[in-house]
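Scroll down for the structure; my scribbles are underneath it.
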Ligand SMILES: C[S@@+](CC[C@H](N)C(=O)[O-])C[C@H]1O[C@@H](n2cnc3c(N)ncnc32)[C@H](O)[C@@H]1O
């Protein structure tokens, strides 16, 4: 419960954007790279016929939703197997992000679409497998180098949501004993998220975003 309240605002912003892009771009069969517990299964279900999750054996998450064990560098499927791909909050956990993009490119059919979400300003998590943060210029460089055409590159927040959220996370470190029983931190966290959201509506300066969402298309010929 507390975990959901803590993440309410960013989950809502992320999911709303993902639903919008998925409804426009996804079709038929989908590969979910680094699927974890497949949190977007329901959200994406109306737009695809098949949702296959791949994750590695050493994942820190439950393995119940994993259909294929493999890595982002070696997905155990034939070339050009999927029309759609999703990879949310995974790229920063990969030592070799470029190799993982090439693997996604390999498993997509020509004209296939991939949606990635990638953090820019965010705390360390899932340590020690947390390697990078990406600016929009780094993302453009990597995706284009691999041969993808970038259709959308959206910063999901400005300063207020990013720093409001980090403040809320920090506050939750106090969520112990009586503070936890009476949901005091939950209440303060909710108010802070509401204020952050309102302020962000007035000033969404992209350079402070906590995350980017990027939609790319596989074109016929690989750039290099
Ligand atoms: C922050 S979680 C995100 C999970 C899920 N995509 C989501 O949005 O909730 C990062 C995921 O990347 C996976 N991961 C880390 N290294 C990987 C690798 N080399 N190959 C495949 N998955 C990997 C982890 O197991 C974990 O499920």
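We did not get these values from a lab; they are worked out from the coordinates using the rules stated. Remember, predicted model here, so these are calculated numbers, not experimental data. We place every Cβ from the backbone using ideal geometry, glycine too, and count neighbours over all the protein chains shown.
What are the semi-axes of the equivalent ellipsoid for segment 45-155, taken as the square roots of 5 times the Cα gyration tensor eigenvalues, largest first, in whole Å?
Those come to 21, 19, 13 Å.
I'd like the orientation of helix 2-25 relative to the chain: the angle between its Cα long axis and the longest Cα principal axis, in ° from 0 to 90, rounded to 10.
30
Between residue 4 and residue 41, what is the label-to-label distance in nm when each label sits 7 Å out along the Cα-to-Cβ direction?
1.7
If I model a spin label at residue 184 and residue 106 as a point 7 Å from the Cα along the Cα→Cβ vector, what separation in nanometres do I get?
5.5
Tell me the Kirkwood hydrodynamic radius of the chain in angstroms, computed as one over the mean inverse distance between distinct C-alpha pairs.
Answer for the chain: a Kirkwood hydrodynamic radius of 18.3 Å.
If you take the beta carbon distance between residue 169 and residue 65 as r and set R0 to 35 Å, what does 1/(1 + (r/R0)^6) give as a FRET efficiency, to the nearest 0.05?
The computed FRET efficiency comes out at 0.90.
Using 7 Å Cα-to-Cβ label points, what is the residue 194/residue 79 separation (nm, one decimal)?
5.6
Rg/Rh for segment 117-224 to two decimals, with Rh computed the Kirkwood way over all alpha-carbon pairs.
1.12
On a 0 to 90 degree scale, rounded to 10, what angle separates helix 97-107 from the longest Cα axis of the chain?
For helix 97-107, the angle is close to 50 degrees.
Please determine, in degrees from 0 to 90 and to the nearest 10, the orientation of helix 184-202 with respect to the longest principal axis defined by the Cα atoms of the chain, where the helix direction is its Cα long axis.
Approximately 60 degrees, to the nearest 10.
Compute the Rg/Rh shape ratio of segment 159-205: radius of gyration over Kirkwood radius, all on alpha-carbon atoms.
1.08
Using only DSSP helix segments of four residues or longer, with each worth -39500 (n - 2.57), what per-residue ellipticity at 222 nm results for the chain after dividing by its residue count and rounding to 500?
Roughly -12000 deg cm²/dmol at 222 nm, from the helical runs in the chain.
Could you give the alpha-carbon Rg of segment 1-103 over 2.2 N^0.38 Å, rounded to two decimals?
Its radius of gyration relative to the 2.2 N^0.38 Å reference: 1.08.
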